[in-house]
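Okay, so here's the structure we're looking at.
The values are calculated or read from the model by the stated rules, or taken from the named source; none is laboratory data. Nothing here was measured: the structure is a model prediction, and the numbers come from that model. Here the Cβ positions follow ideal geometry from the backbone for every residue, glycine too, while neighbour counts run over all protein chains shown. Each accessible area value is taken on the protein alone, full model and side chains, heavy atoms only, with ligands, DNA and RNA left out. Shrake-Rupley method; radii C 1.70, N 1.55, O 1.52, S 1.80 Å.
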Amino acid sequence: MASYRKKALAVAAAASMSVALAACGGGSDNGSNNNGTKSGEATKGGTLTYYIRSAMEHTDPQRTYVGRDITNWSRTVYRSLVTFPISEDAAKSTTPVPDLATDTGQSSDGAKTWKFTVKDGVKWEDGKPITCEDFKYGASRVFATDVITGGPNYLLTYLDIPTAPGSDLPLYTGPYKSSPEGKAAFDKAITCDGNTITYHFKKPWADFPLAIAALHMMDPYRQDKDQGDKSNYQIFSNGPYKLDGTWDKQKGGTLVRNPNYDPSTDSTDIRKALPDKIIIDIGKTSEQIADQLIANSGADKTAVTSQSIPAAYYSQITGDVAKRTVTVTSPFTDYILPNFKTMTNLQVRQALAASTDVTGWVQAGGGDKAYEEATDIVNPAVKGYQKDLFPGGKGDPEKSKQLLQSAGVQMPYPITFTYPSTPTADKMAAAFKQGWEAGGFKVTLDGVADQDTYYTNIQNPGQKADVIWGGWGADWPSAITVTAPLFDSRPNLTKNSNGQDYGAYKSAEFNALVDQAQEATDLDQQTQLLQQADKVLAKDVAYIPTDTAIFYMLRGSDVTGYMNTAASNGYPDLGPIGVK
Amino acid sequence: MSLPESQLERLETSVPVDVADPEAVLGKSPTQLALGRFRRDKLSMAAFVVVAGYMIGAIAAPFLNKFGVIDPFTLHQNLLDPTLGSVPKGKYGGISWSHPLGVEPGAGRDVMSRLWYGVTFSLTIALLSSLVAIVLGTVLGIISGFTGGLVDATIGRLVDLTLSFPQTLMLLALSATGVALAARYLPGNQSDPFPNAFYEILVLGLFGWPPICRLIRGQVLSIREREFVDAARLLGASRRRLYFKEILPNLWAPVLVSFTLTMPAYISAEAALSYLSVGIKPPTPTLGNVLVDSINYSSSDFTFFFFPALLIAIIVVSFNLLGDGLNDALDPKADR
């Protein structure tokens, strides 16, 4: 049941997730890939149901950070300056196109200054025009780190605002309360001239349009609608749909047409907006969703879901049901990492990597429809991916034993492995245990049943596990949003938390390469530096990549234009989907 | 006016009996009578045999595991089909001579070994929780019934209070903290069997005593009015002697019956709690956590779902039948 573990991924989402590419139909040859993608006529009208298992933590644009939600909100309610178009071609669907702006932005001063012009005639759901000030206000909310939590915080380090004395955080602390100096600095960093908005950065940000399209942090926000944390589940739309009534955290909500949306300011390459109504249904388990979609009756005929089919249901996916499935390689990569506080000996870590049975892990998780073996923490679809960085496969217990022997440690070497526990994850962990024990380790499994606190636990600097499970997806398709946030010790390691650097990894060599990559103005040069940095991680065994999750999704028979695009991180893309 | 004891004895022995050895008939104690009644009840005897079989199996499993007869932990992933969600190759859950009940999907561990080993853990949990509940219930029931007054009222309210607590909710809400606390003092971490089992047993037991306490108190209320209790009291027996030497031996019938009836309740409770991920965690098997994993496979690998469900059903039904049989045998006048 991949879906169970996806919950843990969704928690990672809180920490960071992502836009990244998802190549379609990786490795599957059963002919069911994207069957019926172009089936049926694209007609307007009808009601589409979108099944989601667990509650969204936020619907506030500046706080949205879950791969599934980012693009679906883009397609329905939250338009941005630039966004990703609908396309089955991964490269095309992750190349930004103008949305609320007239173009994809003009950079100057070595990518330190970016300028956008807001289109005329774009309106909020109450009919008022979207102004440059709304964009500026939206960006200002990111700085209120005590209120607007959970969202991406790249702006904090990039925007040209001096840091507060004696702190790493900016002087400006958001629209709710800030010192006049902070406010002045912010007003200088983002300026409005009529319909033109200009951003000034401290350091070059060559892929800034990618970041805008991939996240919602730069979205406009109406100041008079902002109630801080109370607006967490408010949806104030500027897209083709608006929320009908209020959002129910446990159940979801219904999107209906927004009368103040003008299609002439938009493109059907971005949103087709076919259904009259979109019901977002939260709370059913993956098993319930699979049962209902296999049965395919009533409203389920026009339903899609973000949940993968649980492995236990694979044998029911035959004949007509199989024609309604799609297999997509997700942008999320899972990995395990040694705790550098306890596994200080390099040879012990190398032994761990050598005896890791990735094949057994993947098979215990449901086989090749659930996971694909990974050999790099960078997803294959992300720039900077290196094939064969790690060996993968069944592992080599003999080599592991030799390494442990030459390390001169006591054998069997005792280790504890912590991971979010589900019946499937427990079996996957048992596969690792068997491999490691063959390689000379003595393994204690520590499955954490409370998945909501899993990441909080492993971020605790005092946590005792020797080997830790983690999952990550790139924020935008560049390795700079993978290895840098996960292994750069400087922003991560504090007294109270390990941040995303769960294993407390510290390397001056790696940090230096990350700095060089961030300063690079040329994307190819940046990629090269990041690949070098990734090699440093592999040399130190800072992590061991395990798998890339496969999305194996079912839909109703009356869904048209069904597509899982790279823009929507491999989830069903609401841009083109309609119903018969 | 009651008969002097000397006369009673004489009367009894003088009754003419038409048996070869009159002493044998006369010597039949209430226990022997009850046993005789129990033996004649075929259904109860069958239930007893099944329960005894489970018990022997449960005791044997750790040794069988040690000597490699059963192997609940080794993966056999070569027996699985990776294209179909790693369900076993072949029909009926991969049943073969080396895996008589098939292998589990995903990891391919031997189902028979896991269930056999799981019985040990499930029965241990049920047994220990029952013991906690019975000991607490009996002791408090005796004190409450015998003492009366304020003590009785206090214990009575305590029973009401405990009964009104939502037990499952408590188990769930406190499980993380409880297990963490237990893990601090017991060997192993929070997903090891010891701390988890300790917590589960403690909470199940602590919430299980009130019905037993009420039952025992009722019995004690009638026993304490009997002459031998008065006699003991007049002879200056201590409270402790009264409770445990005079009254307790007269209570073993209801205690035994409630024990055989709490056991199956706790076996099913263990399975239900596994579903809510409280209790012993895999890779250590219990009937509950094997069943939980198998539920989702009820359509794609029915065999895997069938055997754990069957084993739990058999043991629960057997224990209940045994309890009823014992109740009938020990208390034949009870109206049911």
**Fill in**
Residue count, the range A:421-471, condition in a strand (DSSP E or B) and more than 11 Å from chain B (Cβ to nearest Cβ), comes to 7
**Request:** Looking only at the range A:348-381, count how many residues are within 14 Å of another protein chain (Cβ to nearest Cβ) and either open to solvent by less than 10 Å² (accessible area, probe 1.4 Å) or out of contact with any Asp or Glu (no Cβ under 7 Å at 6 or more places or on another chain) (or both).
**Result:** 13
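So which residues in the range B:237-265 are open to solvent by less than 20 Å² (accessible area, probe 1.4 Å) and under 12 Å from the mean Cα position of the chain (by Cα)? Even if it seems obvious, please write down each step before you answer.
First, pick out the residues of the range B:237-265 that are open to solvent by less than 20 Å² (accessible area, probe 1.4 Å): B:242, B:247, B:251, B:257-258, B:260, B:263-264.
Correct list: B:VAL257, B:SER258, B:THR260, B:MET263, B:PRO264.
Just for the range A:308-322: of the residues that are part of a loop (DSSP other than H, G, I, E, B) and open to solvent by less than 20 Å² (accessible area, probe 1.4 Å), which one is farthest from the other protein chains (Cβ to nearest Cβ)? Step through it out loud before you land on a result.
Within the range A:308-322, the first condition is being part of a loop (DSSP other than H, G, I, E, B), and the residues that meet it are A:308-310, A:317-318.
Subsequent filtering for residues that are open to solvent by less than 20 Å² (accessible area, probe 1.4 Å) retains A:308-310, A:317.
Values: A:SER308: 11, A:ILE309: 8, A:PRO310: 6, A:ILE317: 9 Å.
In this case the residue turns out to be A:SER308.
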**Asked** Within the set of pairs 6 or more residues apart or between chains, which connect a residue that is in contact (Cβ under 8 Å) with a residue 24 or more places away in the chain and within 15 Å of B:LEU123 (Cβ to Cβ) inside the range B:58-72 to a residue that is part of a helix (DSSP H, G or I) and open to solvent by 40 Å² or more (accessible area, probe 1.4 Å) with Cβ atoms less than 7 Å apart?
**Response** B:ALA61/B:TRP116
**Item:** Boolean, A:GLN386 is away from every other protein chain (no Cβ under 14 Å) and either surrounded by 23 or more Cβ atoms within 10 Å (Cβ to Cβ) or in contact (Cβ under 8 Å) with a residue 12 or more places away in the chain (or both)
**Value:** yes
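Any residue in the range A:174-187 that is assigned to a loop (DSSP other than H, G, I, E, B) and among the basic types (Lys, Arg)? Steps first, answer last, please.
First pass over the range A:174-187, keeping only residues assigned to a loop (DSSP other than H, G, I, E, B): A:174-179.
Add one more test, that the residue is among the basic types (Lys, Arg), and what stays is A:177.
Looking for residues that are assigned to a loop (DSSP other than H, G, I, E, B) and among the basic types (Lys, Arg), one finds at least one in the range A:174-187, hence yes.
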**Prompt:** What residue, among those in the range A:225-238 that are touching a strand residue (DSSP E or B) at 6+ places or on another chain (Cβ under 9 Å) and under 19 Å from A:ILE130 (Cβ atoms), is surrounded by the fewest Cβ atoms within 10 Å (Cβ to Cβ)?
**Reply:** A:GLN234
**Prompt:** Can you name the number of the only condition in (1) surrounded by fewer than 24 Cβ atoms within 10 Å (Cβ to Cβ); (2) within 27 Å of A:GLN463 (Cβ to Cβ) that A:GLN402 fails?
**Reply:** (2)
**Asked** How about the range B:78-120: which of its residues are touching a Phe, Trp or Tyr at 6+ places or on another chain (Cβ under 7 Å), assigned to a loop (DSSP other than H, G, I, E, B) and closer than 20 Å to A:GLY366 by Cα?
**Response** B:GLY85, B:GLY102, B:GLU104, B:PRO105, B:ARG109
**Fill in**
Scanning the range B:78-107 for residues that are surrounded by 22 or more Cβ atoms within 10 Å (Cβ to Cβ) and within 8 Å of another protein chain (Cβ to nearest Cβ), the one farthest from A:PHE551 (Cα to Cα) turns out to be B:GLU104
**Request:** Tell me which of these A:SER557 doesn't satisfy, since it passes every other one: (1) at pLDDT 90 or above; (2) among the polar types (S, T, N, Q); (3) surrounded by 24 or more Cβ atoms within 10 Å (Cβ to Cβ).
**Result:** (3)
**Message:** Quick check on the range A:281-295: of everything there that is open to solvent by 30 Å² or more (accessible area, probe 1.4 Å) and of a type outside the set (Gly, Ala, Ser), which residue is farthest from A:TYR314 (Cα to Cα)?
**Reply:** A:ASP281
**Message:** Checking the structure you have, find out if any residue of the range A:400-418 is closer than 22 Å to A:GLY570 by Cα, modelled with pLDDT under 90 and more than 9 Å from chain B (Cβ to nearest Cβ).
**Reply:** no
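Matching residues to (1) at negative phi; (2) free of Cβ contacts under 8 Å to residues at least 24 places away in the same chain; (3) open to solvent by 20 Å² or more (accessible area, probe 1.4 Å):
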{"site": "B:LEU206", "(1), (2), (3)": "yes, no, yes"}
{"site": "B:GLU225", "(1), (2), (3)": "yes, yes, yes"}
{"site": "B:LEU235", "(1), (2), (3)": "yes, yes, yes"}
{"site": "B:ILE280", "(1), (2), (3)": "yes, no, no"}
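Taking the options A:ASP168, A:ASP126, A:ASP103, name whichever one is in a loop (DSSP other than H, G, I, E, B), open to solvent by 70 Å² or more (accessible area, probe 1.4 Å) and in contact (Cβ under 8 Å) with a residue 12 or more places away in the chain. Don't jump to the end; show me each part of the working.
Numbers: A:ASP126 fails: open to solvent by 70 Å² or more (accessible area, probe 1.4 Å); A:ASP103 fails: open to solvent by 70 Å² or more (accessible area, probe 1.4 Å).
Criteria check complete, one pass: A:ASP168.
From the residues in the range A:135-155 that are in a helix (DSSP H, G or I) and under 16 Å from A:ALA214 (Cβ atoms), which one is most open to solvent (accessible area, probe 1.4 Å)?
Residues of the range A:135-155 in a helix (DSSP H, G or I): A:135-141, A:154-155.
With the extra rule that they be under 16 Å from A:ALA214 (Cβ atoms), the set shrinks to A:138-139, A:154-155.
Working: A:GLY138: 0, A:ALA139: 0, A:TYR154: 42, A:LEU155: 0 Å².
So the residue we want is A:TYR154.
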**Request:** Only one of these is farther than 30 Å from B:PHE305 by Cα and not basic (Lys, Arg): A:ALA322, A:ALA295, A:ALA312, A:ALA273. Name it.
**Result:** A:ALA273
**Prompt:** Going through the range B:317-327 one residue at a time, which ones are crowded, with 17+ Cβ neighbours inside 10 Å and not hydroxyl-bearing (Ser, Thr, Tyr)?
**Reply:** B:PHE319, B:LEU321, B:LEU322, B:GLY323, B:ASP324, B:GLY325, B:LEU326, B:ASN327
**Asked** From A:PRO414, A:PRO331, which residue is under 30 Å from B:SER277 (Cα atoms), open to solvent by less than 10 Å² (accessible area, probe 1.4 Å) and not polar (S, T, N, Q)?
**Response** A:PRO331
**Message:** If a residue must be part of a helix (DSSP H, G or I) and within 20 Å of the chain's Cα centre (by Cα), how many such residues does the range A:340-389 contain?
**Reply:** 0
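Can you work out which of the residues in the range B:43-77 that are assigned to a loop (DSSP other than H, G, I, E, B) and open to solvent by less than 40 Å² (accessible area, probe 1.4 Å) is nearest to the other protein chains (Cβ to nearest Cβ)? Give the derivation first.
First, the residues of the range B:43-77 that are assigned to a loop (DSSP other than H, G, I, E, B): B:67-76.
With open to solvent by less than 40 Å² (accessible area, probe 1.4 Å) added as a condition, the list becomes B:70, B:72, B:75.
Values: B:ILE70: 16, B:PRO72: 11, B:LEU75: 5 Å.
Out of the qualifying residues, it is B:LEU75.
Any chance the range B:140-148 includes a residue that's small (Gly, Ala, Ser), within 14 Å of chain A (Cβ to nearest Cβ) and without any contact (Cβ under 8 Å) to a residue 60 or more places away in the chain? Show your work before the answer.
Applying the first criterion (small (Gly, Ala, Ser)) to the range B:140-148 yields B:141, B:144-145, B:148.
From what is left, the residues that are within 14 Å of chain A (Cβ to nearest Cβ) are none.
Within the range B:140-148 (the criterion being small (Gly, Ala, Ser), within 14 Å of chain A (Cβ to nearest Cβ) and without any contact (Cβ under 8 Å) to a residue 60 or more places away in the chain), the answer is no, since none of the residues qualifies.
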**Selection count where residues are assigned to a helix (DSSP H, G or I), of a type outside the set (S, T, N, Q) and out of contact with any Pro (no Cβ under 6 Å at 6 or more places or on another chain), scope the range B:154-188** = 18
**Complete:** Flagged in the range B:272-307 as within 21 Å of B:ASN65 (Cα to Cα) and either within 9 Å of chain A (Cβ to nearest Cβ) or of a type in the set (Gly, Ala, Ser) (or both), in numbering order, are B:LYS281, B:PRO282, B:PRO283, B:GLY288, B:ASN289
**Message:** If I filter the range A:389-399 down to residues being buried (at least 17 other Cβ atoms within 10 Å of the Cβ) and not charged (D, E, K, R), which single residue comes out as farthest from the other protein chains (Cβ to nearest Cβ)?
**Reply:** A:LEU389
